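Worksheet: the structure to be examined is printed underneath.
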Amino acid sequence: MIASDDGGAQPDGSEIDGDREWMAHYHELLDRNSALAAALGACDCWGQHRRCPVCDGAGTPGWTLPDEELFATYVQPAVSTDTSRRTQKTPSTTDINERKEPDECPPTGLNQ
């Protein structure tokens, strides 16, 4: 690309469109960050900035009450999935010992 005096914009507007796409994506990520922070009761800075005008660096998850609707949207499904996986019956040692091994292993296709 050859540098130009117009700030790098292409005649077809492609660079400007690309910039707009990136800015739209950036704002989408900011919105998602804010929503997830609210779902977890955190500040938008997640307590990472001591000079944050909202939380003074104390805004980690649980800093305030979570937004109930956002919690139900983002957090509850993950907690439910994790809980259901953890409560599924795992085989006991007796169950494992009572299993019969097959006479031969099925072919894996690695040495054929």
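Within region 26-34, one or more residues are surrounded by 13 or more Cβ atoms within 10 Å (Cβ to Cβ), out of contact with any Pro (no Cβ under 6 Å at 6 or more places or on another chain) and at pLDDT 95 or above. Among the residues of region 21-56, the ones that are of a type outside the set (Asp, Glu), over 18 Å from the mean Cα position of the chain (by Cα) and not in a loop (DSSP other than H, G, I, E, B) come to 3 in all. Scanning region 62-101 for residues that are part of a helix (DSSP H, G or I), within 25 Å of Trp46 (Cβ to Cβ) and β-branched (Val, Ile, Thr), which turns out modelled with the lowest pLDDT? Filtering first and then ranking leaves Thr83.
The values are calculated or read from the model by the stated rules, or taken from the named source; none is laboratory data. Model, not experiment: these values are computed from the prediction. Methodologically, a virtual Cβ is constructed for each residue, glycine included, from the backbone with ideal geometry; neighbour enumeration extends over all protein chains shown.
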